[in-house]
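K.L.:
I'd like to ask you about the structure that follows.
Just so it is clear, none of the values below were taken in a lab; they were calculated from the coordinates. Note that the structure is predicted; figures quoted are calculated from it, not measured. Heads up, the Cβs are rebuilt from the backbone with ideal geometry, glycines too, and the neighbour counts pull from every protein chain shown.
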Amino acid sequence: MKKIIEKTEAFLELGGIKKEILFLILGGLSLLISLFDLISLPFDAAWVAILLCGVPILLEAVIGLVTAFDIKADVLVSLALIASVCIGEDFAAGEVAFIMQLGALLEDLTVAKARAGIEKLVRLTPRTARVILDGMEKIIPAEKVKVGDVIRVLPGETVAVDGRILSGQTSVNQAVMTGESLPVDKAPGDEVFSGAVNQFGAFEMQATKVGEDSSIQRMIKLVQSADASKAKIVGLADRWATWIVVIALSAAGLTWIFTGEIIRAVTILVVFCPCALVLATPTAIMAAIGNATRHGFLVREGDALERLSAVTKMMFDKTGTLTYGTPKVTAVKSVSDYTEEEIYAFAAAAEQLSEHPLGKAIVRCYGKKPVACEDFRMKPGEGVTAFVEGKSVKAGNWKLLKGAAVPEEIADETDVYLKEGSAVIYLSVEDTLAGYLVLSDTIREESKDMIAALESVGVWPVLLTGDNPNAAEAIAGQLGIREVYAGCLPEDKLNQIGSYQKRGNAVCMIGDGINDAPALKKADVGIAMGGVGSDIAVDAADIALVEDEIRELPHLLSLSKRMMTTIRVNLTFSMGLNFLAIALAITGFLGPVIGALVHNAGSVLVILNSALLLNWKKKR
């Protein structure tokens, strides 16, 4: 028996959508021949539709009953098919089977279209890599690359694994991972993502993340876990379908007993199949997932959108989420005869060999090639010293500039920046204070509009950050966030989320760092910044924002609410249609053939209504 079931399941999976289309074409032609008697055959042509479209339904029903005693739509459809054939209504049986398969095909096409946007990641994965072994280049399968292997990437090739460039300079298109529209220049020491396309210039890199740990494979795992069947409301629809099977069988039996007309009983079985009810939820969820994908979201679980629709509080981490997460020079001040441009140039020249993030930020933000420096020295915890154009230059904190005379009013001035969470780099020339630079983590351009849009849909933002209260309040004030919790350790974020949940709020948490992972798990819905976020944060979240475009968050929230509205409309419509059709069948106003048309037309309408979510966007 087990072998029979395995062979049957293999048959049902054979060919996929292409097989369904072929069977539907042949089945549709046979129904036309049967209806208009186009060809004289020794048997009713509708039997072709019954065999091609109906047999798979019968097999699914038998497998479900035998393996798990699963009483679902296929069971009732099978009974309707058998009963119609027994009373000679071959056309009705073929019609039920045909339209059921048509509905299944439409669902498959909806799901396929919904997944198309993210499955391209799978196709972008390179199959091979050029590994350098003993000075010789050898092409091996990408999955066999190990951490530490040296890989050569030629122009036009896709990077197979994550790594760090050892030699060569190039420009890569890494839009698949970061959403950047322009190529990014890369040089020795720079990191490159798997899935990035080398634009020009060959380079060699050392593998740092391979196999399932690589960036592209991590995104693929998110794709594979996007399964609408995990949604809680799907389980509810399935339970309803089981009860409908019982009610339909009882109604058909009682109608036959009291009226003596078996055709009415058969019609009840035909019209009361819970197909539309079962299709109502998964098609809507998968269409919504497809829509979310095109807006830069990877939804790991179908019920994440269901939970998101009920969110009333959205909690944000600050650094890397509402801000870019990288320091930028926001002010340059001169307190000497040197101009601000000269202060900036001295600082960039002195810091060009620095490994400190703030030093690198100064050089990066300077935007020009600094002049050469000599006798560069780095003092850990203090700053750097160097000779620039023959002058002694120091750039760092107060401790480094101990020989400089610092007026009290300068200290008061810089203290304002420090209280806002900014960093200040003081610069002296020839042991005399010349000026200072202010570096801050800048707010994302879209953050303020996004916060306002959230409030317009009834979701209130909360800032949870580990930064000091002054920095947190400064950012919150610029964005219009009224609820702020600063100095939060991971456990503090957990406690705050739990506190809101106890007060009846559904909470969504958005973060990017490892310290956000517990909060992402604790929240009703966790959303991770997929571009700048850590692996642990992404794995802990229900949804990943691949391109870090937080401006799309209001759309995701509106989409989740629209999805739930679509599901409710689908369920109400399918239930109403079933009860109306069964009433007409009991009274004899509906026969098996028309009943099949009415019922299955409902299934098709439900699927088409769900498919509207694929391109839905809230009007401004």
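K.L.:
Segment 271-338 to segment 590-620: how many Å between their Cα centroids?
P.N.:
28
K.L.:
Sticking with this structure for a sec: For segment 124-215, I need the span (max minus min coordinate) of the C-alpha atoms along each principal axis, in Å, sorted largest to smallest.
P.N.:
Cα extents, longest axis first: 36, 26, 20 Å.
K.L.:
Enter the Cα centre distance for the pair segment 466-523 and segment 347-368, rounded to the nearest angstrom.
P.N.:
Segment 466-523 and segment 347-368 have Cα centres separated by 32 Å.
K.L.:
Using a simple spin-label model with points 7 Å from Cα along the Cα→Cβ vector, what separation in nm is obtained for Ser167 and Asn615?
P.N.:
Here the modelled spin labels are 5.3 nm apart.
K.L.:
Give the residue list of trypsin sites (Lys or Arg not before Pro) in segment 352-397 that are DSSP loop and have at most 14 other beta-carbon atoms within 10 angstrom. Spell out each step's value before the answer.
P.N.:
On the way: sites: Lys360, Arg364, Lys368, Arg377, Lys391, Lys394; in loops: Lys368.
For trypsin sites (Lys or Arg not before Pro) across segment 352-397 that sit outside H, G, I, E and B with at most 14 neighbouring Cβ atoms in 10 Å, the list reads Lys368.
K.L.:
Applying a 10 Å radius around every beta-carbon, put 161-167, 277-283 in order of their mean neighbour count, most first. Kindly include the intermediate steps, with their values, before the conclusion.
P.N.:
Details: 161-167: 20.3, 277-283: 26.1.
Most protected by this proxy first, the peptides run 277-283, 161-167.
K.L.:
Determine the relative contact order of segment 469-620: mean sequence separation of Cα pairs under 8 Å and six or more apart, normalised by residue count, in whole percent.
P.N.:
Numbers: 152 pairs, mean separation 19.9, N = 152.
Worked out over segment 469-620, it gives 13 percent.
K.L.:
With N set to the residue count of segment 367-435, report its C-alpha Rg divided by 2.2 N^0.38 Å to two decimal places. Numbers along the way, then the final one.
P.N.:
On the way: Rg = 12.9 Å, N = 69, 2.2 N^0.38 = 11.0 Å.
Expressed relative to 2.2 N^0.38 Å, the Cα Rg reads 1.17.
K.L.:
At a threshold of 8 angstrom on Cα-Cα distance, excluding pairs fewer than six apart, so keeping six or more, what relative contact order does segment 325-442 reach in percent? Before the final figure, lay out each step's value.
P.N.:
Details: 228 pairs, mean separation 38.2, N = 118.
Here the relative contact order equals 32 percent.
K.L.:
Let me ask something else about it. At 37 °C and a viscosity of 0.692 mPa s, what translational diffusion coefficient does Stokes-Einstein give for segment 325-442, taking Rh as the Kirkwood radius over Cα pairs? Give it in µm²/s as a whole number. Kindly include the intermediate steps, with their values, before the conclusion.
P.N.:
Values: Rh = 13.9 Å.
The calculation lands on 236 µm²/s.
K.L.:
Now for a separate question. A 25 angstrom limit on the alpha carbon distance is what I want to check against. Which of Lys448/Lys561; Lys209/Lys493; Lys186/Lys448; Lys19/Lys144 exceed it?
P.N.:
Details: Lys448/Lys561 22 Å; Lys209/Lys493 30 Å; Lys186/Lys448 32 Å; Lys19/Lys144 36 Å.
Going by Cα-Cα distance, Lys209/Lys493; Lys186/Lys448; Lys19/Lys144 fall outside the 25 Å limit.
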